[in-house]
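Chemist: Okay, handing you the structure first.
Coordinate-derived values only; no laboratory data. What you see is a predicted model, and the numbers here were worked out from it, not measured in a lab. Backbone-built Cβ (ideal geometry, glycine too); neighbour counts: all protein chains shown.
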């Protein structure tokens with residue numbers, strides 16, 4: 001019991017340590033840069049002679065990539081979950097589900113190279129003939145959707161498989177076919193787990209680093225077109241952390257201010273997830 005208590009306490013202490021590590025340098029940053037200028041400014045140039053610290057360009061690029069990823073992962077993931085749970089034979093499911101989950105084990109740097117060299121160059125600019133440069137938030141978002149697809153599909157499939165067969169049998173007894181049963185009985189009964197999988201996918205998409213650092217570009221601008229390049233919050237942190245900023249300087253503290261904002265956004269998403277799951281959860 002002592003070891004179990006220590007494990008639980010350690011996880012809490014690590015969380016507080018992360019918050020403290022982000023908060024202390026961020027306080028030094030906000031002493032020099034007003035919070036309103038940071039959150040509402042549209043120009044991000046912390047290393048220029050005329051420095052500007054408006055984080056909106058990073059936020060818009062992050063939201064574009066996450067939104068595109070969800071447009072890919074949610075329909076494909078839920079479709080895969082419905083098939084695996086309701087249609088696939090046990091032998092087929094034993095093969096397809098592990099193969100699908102293999103995508104979750106591929107290093108994200110490989111996904112980033114795939115987005116840059118194939119999706120952007122071959123698919124978007126070659127096959128679809130879309131105008132754009134070497135980078136785009138569309139290419140990064142599409143591949144991020146493939147990356148989080150196993151998360152959405154696997155958790156949703158587990159939630160649907162946990163629905164009692166008595167509900168399926170009752171629906172069939174009333175004359176519903178398998179598709180009607182899947183969409184109108186099983187899906188609503190598993191909605192809490194499905195929503196949790198989607199929100200978990202959002203959290204992972206917002207916090208993804210390597211794909212956006214490689215494929216989205218490094219130009220910090222307010223993104224209005226998915227074929228534009230844009231620098232996300234995680235992309236900025238990954239690139240700027242490798243620089244030669246002096247510890248304690250304003251440029252150095254900028255990393256922690258952006259990290260604190262990213263942490264806050266992820267924390268809010270997690271709180272929403274907990275609230276949604278508790279509201280829609282059904283016990284059988």
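Chemist: I'd like the FRET efficiency for residue 218 and residue 167, computed as 1/(1 + (r/R0)^6) with the beta carbon distance as r and R0 of 51 Å, rounded to 0.05.
Modeler: 0.50
Chemist: Go through 191-202, 255-266 and give me the packing order, highest mean Cβ count within 10 Å leading. Write down the numbers at each step before the final one.
Modeler: Working: 191-202: 21.2, 255-266: 19.3.
Packing proxy ranking, top to bottom: 191-202, 255-266.
Chemist: I've got another one for you. Quickly work out the residue 277-to-residue 246 label distance, labels modelled 7 Å from Cα along the C-beta direction, and quote it in nm with one decimal.
Modeler: In this crude label model, residue 246 to residue 277 measures out at 4.6 nm.
Chemist: Would you mind telling me which residue in 34, 75, 46 has the biggest mean-square fluctuation in a Gaussian network model of the chain, where springs connect alpha carbons within a distance under 10 angstrom?
Modeler: In the Gaussian network model the winner is 34.
Chemist: Over the Cα atoms of the range 132-204, how large are the radius of gyration and the largest Cα-Cα distance (Dmax), in Å?
Modeler: Cα-based Rg and Dmax for the range 132-204 come out at 16.7, 57 Å.
Chemist: Given a 10 angstrom Cα cut-off, can you work out which residue in 109, 274, 12 is the most mobile in a GNM of the chain?
Modeler: 12
Chemist: For the chain, what does the helix formula give at 222 nm: sum of -39500 (n - 2.57) over DSSP H segments with n ≥ 4, over the residue count, nearest 500 deg cm²/dmol? Spell out each step's value before the answer.
Modeler: On the way: 12 runs with 184 residues, N = 284.
It lands at -21500 deg cm²/dmol.
Chemist: Considering only 49, 213, 162, give the residue with the highest GNM mean-square fluctuation for the chain, with springs between Cα atoms whenever their separation is below 10 Å.
Modeler: Checking each option, the largest mean-square fluctuation is seen for 49.
Chemist: Continuing with this model, one more query. Obtain the nm distance between the two label points defined at residue 96 and residue 113 by a simple spin-label model: each point lies 7 Å from its Cα along the Cα-to-C-beta direction.
Modeler: It works out to 3.1 nm between the two label points.
Chemist: Between residue 106 and residue 6, what is the FRET efficiency for a Förster distance of 45 Å, r being their Cβ-Cβ separation, to the nearest 0.05?
Modeler: For residue 106 and residue 6, the calculated efficiency is 0.85.
Chemist: Right, next: Please give, to one decimal in nm, the separation of the simple spin-label points placed at residue 51 and residue 19, each 7 Å out from Cα toward the Cβ.
Modeler: 2.8
Chemist: Continuing with this model, one more query. Please work out the ratio of the alpha-carbon Rg of the range 86-151 to 2.2 N^0.38 Å and round it to two decimals.
Modeler: Output field value: 1.39.
Chemist: Please report, in Å, the Rg and the Dmax of the range 170-284, where both are computed over Cα atoms only.
Modeler: Taking only Cα atoms of the range 170-284, I get Rg and Dmax of 21.1, 71 Å.
Chemist: Another question, if that's okay. Over the Cα atoms of the chain, what radius of gyration and what Dmax do you get, in Å?
Modeler: Cα only, the chain: 21.9, 73 Å (Rg, Dmax).
Chemist: Multiplying the sequence separation of residue 123 and residue 209 by 0.36 nm and subtracting their Cα-Cα distance, what value in nm do you get?
Modeler: Details: separation 86, 0.36 × 86 = 30.96 nm, distance 2.24 nm.
Taking residue 123 through residue 209 to full extension adds about 28.7 nm, to one decimal.
Chemist: At a threshold of 8 angstrom on Cα-Cα distance, excluding pairs fewer than six apart, so keeping six or more, what relative contact order does the chain reach in percent?
Modeler: Values: 421 pairs, mean separation 76.7, N = 284.
It rounds to 27 percent for the chain.
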